[in-house]
Each structure stands twice: as structure tokens, then as C-alpha cells.
Amino acid sequence: MRDPRDLGSDHRSPYPDLRRGRGSNAAYLFDPTRGRERNAAYLFDPTRGRESNALGSLPMRADRAPRRLSKDARRAQLLALAMPVVAEQGLAEFSLEDIADGADVTRNLLYRYFPRGRRDIVIGVVERAGRELTGDWVTDETVPLEESLAANAARIRDHAFAPSDAWRIHRRARAADQPELNQIIAGYVERIIANISLNDLETQQPPPLVRLALSGYIAFAETILDQARASNAPHDTVIQILKDTLIAVIHSAREASSSTPADTANL
């Protein structure tokens with residue numbers, strides 16, 4: 001069987017303007033573009049203006065280098081990788097090395113995106129957790145109330161009973177009671193209140209007493225969900241209790257608002 005590297009006289013080159021050099025070894029062919037013999041494994045490709053490997057298939061275009069992420073995109077990527085680390089290890093005890101290893105970067109590089117180190121990473125993951133918990137709530141006014149309640153309750157149920165990284169980080173942040181984190185959590189609670197109010201009251205600005213009642217309900221619901229998960233309580237039963245409680249809270253708060261003097265209701 002002929003060695004495929006043997007480019008003898010009967011070898012048909014893919015380049016018709018190349019001919020074998022006189023007295024040359026079969027591995028070397030005369031390259032008329034350079035006026036001298038060249039290694040047959042690397043012949044000039046006139047269609048591309050450079051040398052190409054003549055053995056095997058025609059040369060393929062080199063892979064392009066991956067596009068570099070913007071600073072914001074890279075920061076978001078690092079936060080995504082930090083989520084499970086912080087959720088598992090805690091807000092104060094998590095390892096920067098574990099995050100860096102997961103991202104295949106050095107620990108020092110993290111400070112380029114998070115100048116205050118752990119503190120900035122914690123702020124970032126708590127903000128991200130809040131967005132993940134509230135991002136896809138059903139707030140379409142055309143959807144019947146019962147359907148929107150069921151859909152939103154199912155979303156929170158999935159986070160709480162897993163529990164998801166977002167849920168664990170949020171609950172850790174609640175317990176930390178730190179000013180910066182409390183501000184983020186307050187924004188998260190406001191989004192929940194706005195979503196509930198839009199579904200149930202057709203407004204994102206509920207009366208003050210309703211807002212107060214909903215804020216307390218959210219804290220209650222989070223605690224019940226954690227306890228239900230720990231005790232293996234029937235999930236569907238727990239969710240139904242929370243739905244019924246929410247309806248009762250809103251009804252009671254609305255009645256109180258309508259019967260309370262304006263100066264007291266605005267407290």
C-alpha cells in the first residue's frame with residue numbers, strides 16, 4: 001500500500017501550476033511562486049495568498065478568538081458563579097478562592113470587579129437573588145386573580161422548598177440585619193408588594209395600611225415556608241394556607257383603610 005506521503009510522479013497536486021523539481025526528493029516540489037523547491041507538506045495556496053498544508057484536506061479557517069466580555073458582563077458572570085458558594089458557605093464565611101477557582105481566574109482579579117472584596121460580592125449576590133425571586137411574577141391584569149395567585153405561589157414554592165441559591169441568600173441576608181443589605185431587602189419587599197397589589201388591587205400603590213399588612217405577610221410567609229420545608233409539611237397544603245391568608249390580609253387591611261381617618265391611615 002502506498003504511503004500517502006509519497007508524492008510520486010503520478011501524484012496529482014491540487015495546484016496545477018506546481019511541478020516536481022529536478023533531482024529533488026519526492027517530499028519536495030518546485031514552487032514557481034518562489035523560484036525554489038519547497039516542502040510538499042506546505043505549498044503556496046494561490047487562492048488564499050499563503051502557504052497551506054497540502055496533505056489531507058484543504059486548510060480550514062482558523063478559529064476566531066473568543067470575544068472578550070464587557071466589564072459588566074464579566075461581573076455578572078462572576079456573580080452567577082458566586083451564588084452557590086455564598087448560599088452554601090454564608091455571607092461572611094464564603095471563600096474567595098472557591099469563587100476564583102470556579103471562574104478559572106486569580107483571587108486578585110476578583111478585586112477588579114469587586115473593589116471591596118467580600119462586601120461587594122455579598123451586595124451583588126443579594127441583589128441578584130432578589131431579582132431571581134421576583135423576576136417572572138404574573139402581573140397581567142387580564143389574568144384571573146386565582147390563576148395569578150397560583151402561578152406566583154408556585155414560583156415562590158419552588159424557590160423555598162428546593163431551596164434555590166437565591167432563596168438561601170435572601171434568607172441569610174434577612175437574618176444578617178446589616179444596613180446595606182436591609183436597603184436591598186426593602187427594595188425586594190416593595191417589588192413583592194407592588195406585584196401583589198397590582199394583581200389584587202389593580203394598583204402598585206396600595207393604601208398605607210395595606211402596604212403595612214403586606215410587608216408583615218411577606219415576612220410571615222417566608223418563615224412558614226422555611227419551617228414547612230424543615231418539617232416536610234405537605235407543600236400544596238402550605239401553599240393553600242398562604243394563599244387564603246393573603247386574601248384575608250388584603251381584605252382586612254382594605255376594610256381598615258376605608259374606615260380609618262385619613263391622617264391615621266397615612267401613618
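The table below gives the values:
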quantity: Sole residue being surrounded by 15 or more Cβ atoms within 10 Å (Cβ to Cβ), modelled with pLDDT of 90 or more and not β-branched (Val, Ile, Thr), chosen from 194, 166; calculated: 166
quantity: Some residue of the range 104-126 being loosely packed, with under 13 Cβ neighbours inside 10 Å and on the phi > 0 side of the Ramachandran plot; calculated: yes
quantity: Condition check for residue 149: surrounded by fewer than 16 Cβ atoms within 10 Å (Cβ to Cβ) and in the same structural domain as residue 181 (by TED's automatic domain parsing); calculated: no
quantity: Matching residues in the range 173-183 - criterion: being touching a residue at least 40 places away in the same chain (Cβ under 8 Å) and either surrounded by 20 or more Cβ atoms within 10 Å (Cβ to Cβ) or on the phi > 0 side of the Ramachandran plot (or both); calculated: 173, 181
quantity: Selection from the range 136-173 of residues that are over 21 Å from the mean Cα position of the chain (by Cα) and not in a helix (DSSP H, G or I); calculated: 139, 140, 141, 142, 143, 144
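The values are calculated or read from the model by the stated rules, or taken from the named source; none is laboratory data. Remember, predicted model here, so these are calculated numbers, not experimental data. Every residue, glycine among them, receives a Cβ derived from its backbone with ideal geometry; neighbour counts consider all protein chains shown.
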